1. Students often check this: by mean Cβ neighbours within 10 Å, which of 312-322, 109-119, 354-364 ranks highest, and how do the rest follow?
2. Return the FRET efficiency for the residue pair Lys309, Asp397: r is the Cβ-Cβ distance, R0 is 56 Å, and the value is rounded to the nearest 0.05.
3. Between Lys60 and Ile143, what length in nm is gained on full extension when 0.36 nm per residue of separation is reduced by their alpha carbon distance?
4. Using unit Cβ charges (K, R positive; D, E negative) and no other charged atoms, how large, in debye to the nearest 20, is the dipole of segment 155-238 about its Cα centre?
5. For the cross-link pairs Lys352/Lys396; Lys368/Lys413; Lys352/Lys393; Lys308/Lys400, which exceed 26 Å when the distance is taken from alpha carbon to alpha carbon?
6. Show the residues, 5+ positions off or on another chain, whose built amide H is closer than 5 Å to the amide H of Thr30.
7. From the phi of every residue in segment 173-186, what ³J(HN,Hα) in whole Hz does the Karplus formula 6.51 cos²θ - 1.76 cosθ + 1.60 yield, where θ is phi - 60° and glycine or proline is x?
8. Once you charge only the Cβ atoms, +1 for Lys and Arg and -1 for Asp and Glu, what is the size of the charge dipole of segment 1-49 about its Cα centre, to the nearest 20 debye?
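Derivation of every value follows stated rules applied to the coordinates shown; laboratory data play no part. None of these values were measured; they are calculated from a predicted model. Cβ coordinates were reconstructed from backbone atoms using ideal geometry, including for glycine residues, and neighbour counts include every protein chain displayed.
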Amino acid sequence: MEYCKYHPLQGASYVCHQCNVHTCQDCNRTEHQSSEARCFVCNDTLSVQGGAFTATPFWKRLNKAFKYPFSGNGFAAIIAATLLSCLGFIMPWFVLLASAFITKYSFTCLQQTAMGQTQAPDIKEAYGGGLLLLIQITGILLIGIASVTVIAIYVGPIAGIAAICFFVLSIPASFILLAMEESFFKAINPLKQLQLMTTIGWPYLFLCLILMIMLGSVEALSFMIDDNMESMSIFLQSAVSNYYSVVMYHLMGYALFQYQDKLGFVAEQDDVTKPDRTDQQLLQANVSVLVKEGDYEKAIKLYRHWLKKNPRDMVISDALFKLITSLKSKQHLTSFADQHLQLLMDNQQEFKLGVSLPQIKLIWPDYKPQQAKVRYQLAKYLFDKGDFPSTAKMLKDFHKAFPNDQQVLPAYKMMVETLEFIPGMDKQAVKFRAVVQKLEQQQPSESRAVKKKISFSTHHADNPPNLSLSPKVEDEEDKPLDYGQIEFTP
Ligand SMILES: [Zn+2]
Ligand SMILES: [Zn+2]
């Protein structure tokens, strides 16, 4: 059994011959139920990985087949069926119940083994539907016997012997058909039976031989068990026959598993293995594979491409942020941090914001948003949080970063408020207040040009409202406003 390269506990459903990699049902690109599965890495068409690729032939794992009833709930089911049949002493119809129970359980063993399960199924699987199976099995056997009789009488003795041989050989085939197709009419259809037998080929005969030996040994064992202790003997006989029943059906199921691609069961499994995924889930599966392949650039590219189309997608934005920060990629952070923080703020994700900002600073210690709006909003967030030193740092040199931006005035208004909260910053607060006043005076008169230039750089003759110089120019006698000082406040 091969396992998915990216999910070591998942059985492989596909194989990429280009990459020489096995993948599970999630690790492939299948946009629609009908579309072909493609490799996430090389985009080549994937081959369906049938059990036949890697399955050990059933005759080479007989020892495992005998151990099978002791896995999962197998042993419990056998004991339960045996106790039920012992209760038949008191109430005879319990024998029927026991048969129905173990029959249903055995059929489930066949079905689940055929699907590649190596553990005996849950005992609950045997709770219902056993009686119908018993009736169907009886029906199959009765119809078989009747057909053989009719052929022997009306066609002739040689044809009758041939019919008996076919009937005996077809019993496992009809049980397999009944279990897998869940159709009584398919199970009694001799053409279907023949098709199944010839598809498996000679190993089918071998399977019949093994099953007959097992049936024979059940008989032999019941002869060997002493008749002296009658109740004990019934218990043992019943337990042994239940045990063999589970083993036999498991073997039939395994034969089916081994030849699944030939028998066309892969196609059925195929429907199950194409999960109905949203585009977002597909993207995440794709990225997950690329990340495990170490192709981070391609993973980031896919995420960014998605975010271009779906800029409000928090889930993907979070995922990309996580990827970039775990890669400690300052380069990618430069182009993504603003966008992500903006989205967090727009969605009022304060908790995530509180976590994300320190993560950015770990990689990029002097990070400040590159966009005026984001930087202002982030400062506001820090201010509301009561983190005034960080607010001041965020607002520092705002006009230098965004010389002609409308956000400068509100930013410095906030700076004034911030400085009032920081002890020893009174002087700076006064200076910023003056700057704010100047900006306010300036705004209405130049309302049309406000957007383009609040004229930090425009030198007017008398009193140049040059903010970058204003502290120096205006307060020549004072020390120039030392933004650096803000950083040393507690
Ligand atoms: Zn996988
Ligand atoms: Zn590939």
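1. Packing proxy ranking, top to bottom: 109-119, 312-322, 354-364.
2. 0.95
3. Gain on stretching Lys60 to Ile143: 26.5 nm.
4. 500
5. Listed pairs above 26 Å: Lys308/Lys400.
6. Those lying under 5 Å, H to H, from Thr30 are Arg38.
7. 4, 5, 5, 4, 4, 5, 5, 8, 8, 6, 9, 4, 6, 5
8. It works out to roughly 80 debye.
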